[in-house]
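The values are calculated or read from the model by the stated rules, or taken from the named source; none is laboratory data. Given the structure is predicted, the values throughout are model-derived calculations rather than measurements. Using ideal geometry, Cβ is built from the backbone for each residue, glycine included, and neighbour counts are taken over all protein chains shown. Please note that ligands, DNA and RNA were not included when accessible areas were found on the heavy atoms of the full protein model with its side chains. Shrake-Rupley method; radii C 1.70, N 1.55, O 1.52, S 1.80 Å.
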Amino acid sequence: MAQIDRRGVVSAGVAAALGPPAAAGQRAAEVKPLMQPGIAHDLAVQRAGVLSDVHYDISLDLTQRDSAEGRIGIQVRRRPGAGDLIVDFRGPSLTEVRANGHVVETLDWHDGHLRIPERYLVSGVNRIGARFTTLIAPSGAPIIRFDDKSDGATYLYTLLVPSDANLLFPCFDQPDLKARFRWRLKVPMAWSVLANARVETRESTDGSVLWTFAPTEPIPTYLAAFAAGPWAQWASAPAGERPITLYARASRRSEVDAQAIIGANRAAAHWLEGWFGVPFPFSKLDALLAPAFPFGGMEHVGEIFYNENSFIFREPPTLSQRLGRDSTIYHEVSHQWFGDLVTMKWFDDLWLKEGFATYMGARVQAELQPKSEAWKTFYLRNKPAAYAADGTRGTNSVWQPLANLDGAKSNYGAIVYNKAPSIIKQLGFLVGDQAFRAGLHRFLQQHAYANATWRDLLAAVEAASGVPLKSFGEQYILRAGMPRVETALEITDGKVGRLVLTQRPVRDLPADPGGFWPIKVQVRLGYTGRPDVVLPVRFEAAEVVIAEAHGLPAPDYVWANDGDYGYGLFLPDARSAAWIAAHVGSVQDGLLRAMLWGALWDLVREVRLPSARFVEIALGALPGEADEQIAGVILGHAATALVRFVSAADADRLFPLWEDLLARRAQDPALAYGLRKDSLDMLIGTARGPDARRRLRDYLAGVVLFDGAPVKQVTRWGVVRRLLALGETDAQALFEAEVKRDTTPEAGRSAFVVRAAAPDSAVKRDYFGRYLDDSSLNEEWVSASLGPFNNPDQTALTQPFLAPALARLEWIREHRRIFFLPAWINAFIDGQESQAALDAVDGFLAGQPGLPIDIRRKVLEARDELERTVVIRRAAGAVV
C-alpha cells in the first residue's frame, strides 16, 4: 500500500475488476474543479445533495508531544449515481484508505481533498476508513498545546471553527452535513478528557488510558471538540438540576470562582429552555476555562470553552468585568439552541447564530439580573462598534456571500457580532415580542438538529406575526451600510411647528440598491418640569413627518431612538445637541443617558462637536456620574479625544485637569469600587505629566494604597507597562524587577505583553519578527500584545512596520484563527494618526488590485477609521 503526503499523488495500481481506467480519468476530470483549496461552496452544495446520515468514529493517540496518530471510520449514506466521493483532509499524512472493504490503492489527494472513485462506492450506506496524523502545537495546529511553566503541566484542546476540522481528521467539513461523532482518545494516565458527549468507558493500558465517549447528537464538524490534560475539576449536580462539570488548569485552581461560573451556565440553560419552549438539546453541558484561548468563548456542543483570562479575576472585578463574564456565558449557552441545535446552512449566514446568541444573551441578563439594566449594557457593547464598522467602505451586508470557506474567517467582526443583534432587536420590536417569541419557537422546532437560512427565520417570524418581512430582509440583511437619521425641529411661538425625521445612507456604497430602511422607533420629546412625551414612529418612506408632535410645547430636546430599538446613526438637531451637552448628566434613565452620551460622541466623530469640548463636558459630568458602565464609556471616549484627537495646546490645557480628576476619583471613598478602579486604570493608561508619573511610582512602591492595600499584580504590570512606554530612565529595571516578583501562572504572558510597549526599535523588530514566524509563540499572546506594540505615543517607531504588516495579510488569513486578521489590521492601522500613514495604506490598496475582497474590506474598515482620525485632528488643529 502507498503512503503519501499532501504534496501530490502516488499511484500503486488498481484492480481491473474495480473499473476501467478511462472511466476513472473521466470522473477525475469532472470533480477536479471541486477539489480546489478550501471548501468551495459548489463542493458543499454537491455533497449536501447526495450525502446524508454521516457518522464519524475517531480514534486519536494523544500521548506524543507534537503530533497525534489516528484512525477514522466514516459511515455515510449516498444517493445512487452520486459520482466520486470527495473527503476533506489537510493533515500531514494519510494511509490505509479503505472504502467498503476495498483498499483504495490509487490516492488522488491534493489541495486538502481526497477523491474516492465511484467504483469503490455503493448506493446507500458506505464505510470509509483510514489512518492519519495531525499536528499538536502552541498555534497554527488543530490541537493547541499549552505548556504551563508554573508547574510543568501540559494541556491540549481543539479549536476547529470555521473549517479546521479537516486539519484534524478526514471529514466532510461543511456545516450542513451534520454528523454523529464518537471520540476514542488515548492519553497519559494522569490526564482527564472531556468531549462532546458523556464518557462511556475508560480502559488503562501500557501507562495510558483510552477514553471512549458516547455518540453525539447530529452536530456540524466545526462544533466537534475535545480537551485533555491534568485538569482541576468541579462537579455540580444538585437534586433535580442539570449536572455540570467545570474544568480548569490545576495551577489556577485557587483562583477559579467555580460556583459562580457553573451557576450562571445552569441558570441560563434553564431560562432558555422555558423561553424557547424547547428542551436543552444535548446530552450534557460542561465548561472549560481554556488557557491562552484566542476567543472569548466557543460554543462546542456539550462542552463550552471559555477564555481563562476573562473568567479568572486576579483582582476584585468591577461591575463591567462581572457583567462581561456573565454576558459571555449567556451568549455561549444561547448558542446551544442558535448554532448548535439549528445551524446555519453555510457561513454566509454566520450572523444567524452569532447575532442571536448576543441578542438572547441580553434577554437572559435582563431576566436573571433585573437590576443590571441589561439593555443599557446591550447598547454600550454593541451599537458603537456596529456603527463604527457599518459607516466605512469596508462594511458588508449581514448576509455575506461566501464562495469558499477559506474566506469565512473574514466574515467575523462587528457586522456579525454587533450589527446583527441590533437588527434582531429591531425585528422583535417591529413584529411585537409575543409574536417574535412564537416565531423563534417555530423556527427551532422546524429545523432542530438540521440547518436553516435567514429566509427560514423570517418565514417563521412572519408566519407567527402576520407582519410582512420582505422589505426588512432586503434592507437589513441583504443591504450593506446603515441609515443616518437626522432630526429637524421647528419651533413656533413656543410650540412644535414641525418635527421631521429624514434618513439617508451614512455612506454611498458601490452597487447600493437604494430604498429606505423600514425603521420603527420611539421618539422622545424631553422636558424639564413636565413628563416627557414618547411617540411611536415608523418609516414608510425616506422622510417621516411626526404629525402627533405638532402643537406640543417646545421640548428641551428630541431623541429619535428612545429605547434603542432602531438601528442607524441617529443625530440630534443643533438645539437638542446643545441641551444634551449641558444637561446629559441630569438624565435619570440609565439607557437614555448612555444613548445621549453616545450621541455626543457621534457628533465628535462627525466633526460637529470639537473633541476638546467633549473632554470639557466629560470632566464636568464625571464627578456626578455614579453608573459604572456609563462612567467607563465616558472615560474611554474622553481618553480617545485627549490622546488621539485634540491639539497640542488643548492637550497641555486639559491633561493636568484629567489626571487630577482621575487621581482624586481613584482615592475617593464615597465612590463605588468599580468607579475608583476604572479611574485608577485610566490614570495608569494615560498618565503623561510629572505628577501623574510620580503617582504611578507611588502605587508601584506601595506608598499609596488602593482599596486599603498595595495594588495587586495586574495593576502593577499596568504601571510598569505605562512607565516603560513613556521611556522612563529606570523603566527597564522596573520591568526586570517585576519579572522576578511575579511568580503567578500568568507571569510569562504578562511580561511578554508589557515588554511590547517599550519605545525601542530593536524591541519592536524582535516582536514583529516573532509574531508570525515563531511557531512556539501562542497566538493569544500575540493578540494581547498588539495594542502595547502599537502604542499611539510611539507612531514614529511603529509606522515603519505598517507596510510589512499589511504585506502578510493573506498569509495571516490562511494560518491564523478567526479574529486574528482584523485584530492585526486594526492594531497596525488604527495605531497611526497621520496623513502619511493614511497615504501608506492607500498606496498598499492601490498596489494590490488582486487583494482578496474579504481582506480588502477589513483594510478599508480600518483605513476609514484612520481617515476619520486625521480629519478630526485636522479640525482640532492637531499636527497630521
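Spatial offset of the stretch 510-539 relative to the stretch 108-131 amounts to 58 Å, using the alpha carbon center of each. From the alpha carbon centroid of the stretch 600-621 to that of the stretch 696-731 is 30 Å. Summarising the label geometry, the points placed 7 Å from Cα in the beta-carbon direction at Asp66 and Ala574 lie 6.9 nm from one another.
Shape summary of the stretch 513-604, radius of gyration then Dmax from alpha carbon positions: 13.3, 46 Å. Rg and Dmax of the stretch 150-306, based on Cα coordinates, read 15.8, 50 Å. Positive contributions from Lys and Arg (+1) and negative ones from Asp and Glu (-1), summed over other residues with Cβ under 14 Å from the Cβ of Glu105, come out at +1.
In the assembled protein chains, Leu777 presents an accessible area of approximately 10 Å² (probe radius 1.4 Å). Can you give the local net charge around Ala435? Use residues other than it whose beta-carbon is closer than 14 angstrom to its beta-carbon, Lys and Arg +1, Asp and Glu -1. For residues surrounding Ala435, the net value is +1. This model, with +1 at the C-beta of Lys and Arg and -1 at the C-beta of Asp and Glu, gives the chain a dipole about its Cα centre of some 580 debye. Per residue, the average separation of C-alpha pairs within less than 8 Å and at least 6 apart gives the stretch 335-486 a relative contact order of 34 percent.
Note on Ala762 and Leu845: with the Förster distance fixed at 30 Å, the Cβ-Cβ geometry gives a FRET efficiency of about 0.50.
Farthest towards the positive end of the charge dipole of the stretch 216-367, among the residues Pro279, Ala258, Tyr222, is the Cα of Ala258, using unit charges on the Cβ of Lys, Arg, Asp and Glu.
Whole Å is fine, so just give me how far the alpha carbon centre of the stretch 782-800 lies from that of the stretch 239-272. What the calculation gives is 37 Å, centre to centre. Diffusion of the chain by Stokes-Einstein, at 37 °C in a medium of 0.692 mPa s and with Rh set to the Kirkwood radius over alpha-carbon pairs, works out to 113 µm²/s.
For the stretch 190-199, backbone phi angles converted through the Karplus equation (6.51, -1.76, 1.60; θ = phi - 60°) give residue-by-residue couplings of 7, 8, 10, 9, 10, 9, 5, 10, 6, 5 Hz, Gly and Pro being listed as x. Per residue, the solvent-accessible area of the chain (1.4 Å probe, heavy atoms of protein chains only, all protein chains present) comes to 37 Å².
Under 19 Å from a point placed 7 Å out from the Cα of Gln445 along the Cα-to-Cβ direction: which residues of the stretch 277-292 have their backbone N that close? Residues 277-282 qualify, since their backbone N sits under 19 Å from the label point. In this rough spin-label picture, where each label sits 7 Å from Cα along the Cβ direction, the Lys32-Arg697 distance is 7.2 nm.
Comparing Tyr412, Ala463, Pro788 along the charge dipole axis of the chain, the residue lying farthest to the positive side is Ala463, per the Cβ-charge model.
Over the stretch 47-127, the Kirkwood radius and the radius of gyration, each from Cα atoms, give a ratio Rg/Rh of 0.98. The Ala709 and Asp532 beta-carbon pair, evaluated with R₀ = 56 Å, returns a calculated FRET efficiency of approximately 0.80. Largest first, the extents of the alpha carbon coordinates of the stretch 736-880 on the three principal axes equal 47, 39, 22 Å. Placing a label point 7 Å from the Cα of Ala875 along the Cα-to-Cβ line, the residues of the stretch 645-659 whose backbone N sits under 19 Å from it are 645-651. Under a model in which nothing but the beta-carbon of Lys, Arg (+1) and Asp, Glu (-1) is charged, the stretch 648-689 shows a dipole of about 120 debye around its Cα centre.
Projecting the Cα atoms of Ile617, Val607, Leu592 onto the charge dipole of the stretch 581-635, computed from C-beta unit charges around the Cα centre, puts Val607 farthest toward the positive end. If R0 is taken as 45 Å, the Cβ-Cβ distance between Ala82 and Asp508 corresponds to a FRET efficiency of 0.45.
Against the main long axis of the alpha-carbon atoms of the chain, helix 628-640 sits at an angle near 80°. The local environment of Pro162, defined by Cβ-Cβ distances under 10 Å, has a net charge of -1 under the rule Lys, Arg +1 and Asp, Glu -1. Surface composition of the chain: carbon and sulfur atoms hold 52% of the protein heavy-atom accessible area at a 1.4 Å probe. You can think of it this way: the chain between Thr212 and Trp234 has 5.8 nm of extra reach, that is 0.36 nm per residue less the Cα-Cα gap. Over the residues of the chain, the helix contribution to mean residue ellipticity at 222 nm works out to -12500 deg cm²/dmol, using -39500 (n - 2.57) for each DSSP H run of at least 4. Here the stretch 198-305 is treated with +1 on each Lys and Arg Cβ and -1 on each Asp and Glu Cβ, and its dipole about the Cα centre works out to around 200 debye.
Computed with a 1.4 Å probe on the full set of protein chains, the accessible area for Val871 sits at about 70 Å².
For the chain, give me the percentage of DSSP beta bridges that are antiparallel, rounded to the nearest 5 percent.
Working: 93 of 117 bridges.
Percentage antiparallel, nearest 5: 80.
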